[in-house]
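The values are calculated or read from the model by the stated rules, or taken from the named source; none is laboratory data. From a predicted model like this one, the values you see are computed outputs, not experimental measurements. Glycine gets a Cβ as well: all are built from the backbone with ideal geometry, and neighbour counts include every protein chain shown. Only protein heavy atoms, including side chains, enter the accessible area calculation; ligands, DNA and RNA are left aside. Shrake-Rupley method; radii C 1.70, N 1.55, O 1.52, S 1.80 Å.
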Amino acid sequence: MTTTTTTTIGKQTVGELMTREPVALSPQDSVALAARLMDELNVGALPVCENWEVRGLLTDRDITVRVIAAGLDPAATLTADVMTDRVRCASAHQSVNEVLATMGTVQIRRLPVLDDHGRLVGMVTLGDLAAQGVPGVADALRDISTPSAPDRPAPAPAAPEPALA
Amino acid sequence: MTTIAEIMSRDVQTVAPEDTLQKAAQQLRAMDIGSLPVTSGTRLLGMLTDRDITVRAVAEGLDPQQACVSDVMTQQVQSCSVDDDVETVMQQMGDAQLRRMPVVNRSQELVGIVALADLALKSGRHIDGTVRDISQPG
């Protein structure tokens, strides 16, 4: 950890704080393989790429609701069929503050990070930012967390993530 | 001092240990939440999450229409008491890396559930520390 103060952490780029050497799925990988990979890597989400260009994101929630709840066979279902295919991504040059604001606004807690050529170079999660002591993480988490009582006024439900800008 | 009883939700949806994973997944989908307490009557047996289904059933090739909740749930449940104060529970959720925690009464019966969002809404202090503790990088 560098000696930067908390006020300057927010101005660092996500390229400096992201998880590097990301593992990505292929759209043709089965959901069963994706689940084994999530187990092995101890993650809840994986980017889906072709030639390191992001085609989508697959989460353990997608597997639970779009495959298991739907009665589909994970071994016979492709990642491409159940992933979210419009994925908001961050640029490695964006500031942490900007990415945190995006997470709160669009209600997601992880973003693939792209280089100048639009290729995947990392993942940044709310957890990464929290671990680095970035202020404002609590606000972002509150924006994307659902309270325990369904009948309580809640934040707007998470919309499908907009297309890559 | 604010106790958990004052901010928890008493309307707790639960799932049974003998329910199939497909049925449990449909319940998670319908309720738009990521975890459910597993109960037998009012007795808390465990918690079931999207992750449990994914890594303990799908990754292992279990049939979701045959396997049941008790096969994959987490049995060692971190719970809190109605009498606990909010600060204590926030610390506990941070240590255990949980976003939702069931609440039990003095007889160990499930009486409510508290989510990190509830704590965030009601107490603005020390949230960043808790979030840091429960959020795993990557």
Please count how many residues of the range B:100-138 are charged (D, E, K, R), at pLDDT 65 or above and surrounded by fewer than 21 Cβ atoms within 10 Å (Cβ to Cβ). 2
Quick one: would you say A:Thr13 is within 30 Å of B:Lys23 (Cβ to Cβ) and among the hydroxyl-bearing types (Ser, Thr, Tyr)? no
In this structure, does A:Leu46 turn out to be crowded, with 20+ Cβ neighbours inside 10 Å, touching a Ser or Thr at 6+ places or on another chain (Cβ under 7 Å), among the aliphatic types (A, V, I, L, M) and at pLDDT 95 or above? no
Test result for A:Leu111, in contact with a Pro (Cβ under 7 Å, 6 or more places away or on another chain), at negative phi and at pLDDT 80 or above: no
May I ask you to verify whether B:Arg51 is at pLDDT 95 or above and at the interface with chain A (Cβ under 10 Å from one of its Cβ atoms)? yes
Please specify each residue of the range A:42-68 satisfying the condition of being at the interface with chain B (Cβ under 8 Å from one of its Cβ atoms), closer than 16 Å to A:Glu21 by Cβ and hydrophobic (A, V, I, L, M, F, W, C). A:Val43
Listed by range, strands (runs of 3 or more DSSP E) wholly within the range A:27-131 having at least 1 residues that are basic (Lys, Arg) are A:53-59, A:110-114
Reported set for the range B:89-119 where residues are touching a residue at least 40 places away in the same chain (Cβ under 8 Å) and part of a loop (DSSP other than H, G, I, E, B) is B:Arg99, B:Gln108
What helices (runs of 4 or more DSSP H) completely inside the range B:1-88 contain at least 3 residues that are closer than 30 Å to A:Asp73 by Cβ, open to solvent by less than 70 Å² (accessible area, probe 1.4 Å) and touching a residue at least 40 places away in the same chain (Cβ under 8 Å)? B:21-31, B:69-72
Residue under question is A:Val134, and the condition is that it be modelled with pLDDT of 60 or more and in contact with a strand residue (DSSP E or B) (Cβ under 6 Å, 6 or more places away or on another chain); does it hold? no
